[in-house]
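Right, one structure below, let's go through it.
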Amino acid sequence: MSIKNNLLKIKSTLPSTVTLVAVSKTKPIPDLMEGYDAGQRIFGENKIQEMAEKWEAMPKDIEWHMIGHVQTNKVKFMAPFVSLIHGVDSLKLLEEINKQAKKNNRIIDCLLQIYIAEEESKFGLDEEELNEILHFVQNDKDGMKNIRIVGLMGMATFTDNQNQIKKEFTHLKSIFDKLQLRKDAINRVSTLSMGMSGDYQLAIECGSTMVRIGSSIFGGRI
């Protein structure tokens with residue numbers, strides 16, 4: 001099946017409330033262009049250098065999402081163009097994004113990554129750390145003008161146990177719901193990024209508004 005057909009098939013199953021991020025990491029530009037020609041405009045990468053090279057070469061109406069773990073010293077390379085950073089997991093990183101966004105006269109949208117998996121290899125904040133970051137940003141409005149926290153992101157445990165995945169997604173959705181109800185919410189949080197090729201349908205059932213799908217569109221990584 002072609003990339004175009006894969007993409008159209010997946011899009012036909014998604015509710016209108018759910019945004020599709022085509023995860024194009026390690027894939028060559030012609031593959032991305034096939035997705036682009038089929039109407040896809042949001043691509044997700046996990047390495048900043050690779051994303052910057054693709055941004056340089058591809059049409060400028062594409063939204064580039066950074067979905068991987070971000071090192072603070074690399075933020076400057078994507079600050080001129082990145083649309084959404086999914087994996088913000090520390091105040092230090094958020095401050096660096098704000099600093100580099102200011103240098104580029106931009107406001108960069110960010111998702112705070114919550115740790116929900118039972119795997120040590122995953123990154124993310126617990127609820128206490130989340131509240132500390134929100135409190136800091138709320139009370140430093142003058143200093144943090146160049147970032148916008150628009151929601152949360154999480155990655156479930158890599159397992160075939162659907163009950164465990166559902167439990168983790170439901171937990172993240174409950175944190176998201178609490179955040180939406182907060183009277184001191186910094187911005188209108190509307191994005192809940194959870195779900196990948198293997199579990200996106202379950203994630204949508206649990207309330208996801210953004211799914212990150214790679215192998216089901218582009219095929220497995222070589």
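The conditions of being modelled with pLDDT of 95 or more and either crowded, with 22+ Cβ neighbours inside 10 Å or on the phi > 0 side of the Ramachandran plot (or both) are met by GLU168.
Of all residue pairs spaced 6 or more apart or on separate chains, those with beta-carbon atoms under 7 Å, a first member in segment 198-222 that is under 20 Å from GLN40 (Cα atoms) and a second member that is acidic (Asp, Glu) are PHE218/ASP31.
From the list SER193, SER174, the lone residue that is of a type in the set (S, T, N, Q), modelled with pLDDT of 90 or more, over 14 Å from LEU94 (Cβ atoms) and buried (at least 22 other Cβ atoms within 10 Å of the Cβ) is SER193.
What residue, of ILE108, ILE116, ILE97, is of a type outside the set (S, T, N, Q), closer than 21 Å to MET155 by Cα and touching a strand residue (DSSP E or B) at 6+ places or on another chain (Cβ under 7 Å)?
Details: ILE108 fails: closer than 21 Å to MET155 by Cα; ILE97 fails: closer than 21 Å to MET155 by Cα.
Being of a type outside the set (S, T, N, Q), closer than 21 Å to MET155 by Cα and touching a strand residue (DSSP E or B) at 6+ places or on another chain (Cβ under 7 Å) holds for just one of ILE108, ILE116, ILE97, which is ILE116.
Considering segment 123-222, the qualifying helices (runs of 4 or more DSSP H), each wholly inside and each with 1 or more residues that are within 20 Å of ILE85 (Cα to Cα), run over 127-138, 162-181, 200-205.
Can you go through GLY207, GLY195 and tell me which one is closer than 18 Å to HIS65 by Cβ and either more than 16 Å from the chain's Cα centre (by Cα) or of a type outside the set (Phe, Trp, Tyr) (or both)?
Details: GLY207 fails: closer than 18 Å to HIS65 by Cβ.
After ruling out the rest, the residue left standing is GLY195.
None of LEU112, LEU94 is of a type in the set (A, V, I, L, M, F, W, C), out of contact with any Ser or Thr (no Cβ under 7 Å at 6 or more places or on another chain) and part of a helix (DSSP H, G or I) except LEU94. Looking across segment 40-61, just one residue is surrounded by fewer than 19 Cβ atoms within 10 Å (Cβ to Cβ), part of a loop (DSSP other than H, G, I, E, B) and touching a residue at least 24 places away in the same chain (Cβ under 8 Å), and that is MET58. Can ALA101 be described as part of a loop (DSSP other than H, G, I, E, B), surrounded by 20 or more Cβ atoms within 10 Å (Cβ to Cβ) and out of contact with any Gly (no Cβ under 7 Å at 6 or more places or on another chain)? Answer is no for this residue.
Counting only residues that are farther than 22 Å from GLY198 by Cβ and either of a type in the set (S, T, N, Q) or under 19 Å from the mean Cα position of the chain (by Cα) (or both), segment 23-35 holds 0 of them.
The values are calculated or read from the model by the stated rules, or taken from the named source; none is laboratory data. Everything numeric here is computed off the predicted structure, so don't read it as measured data. We place every Cβ from the backbone using ideal geometry, glycine too, and count neighbours over all the protein chains shown.
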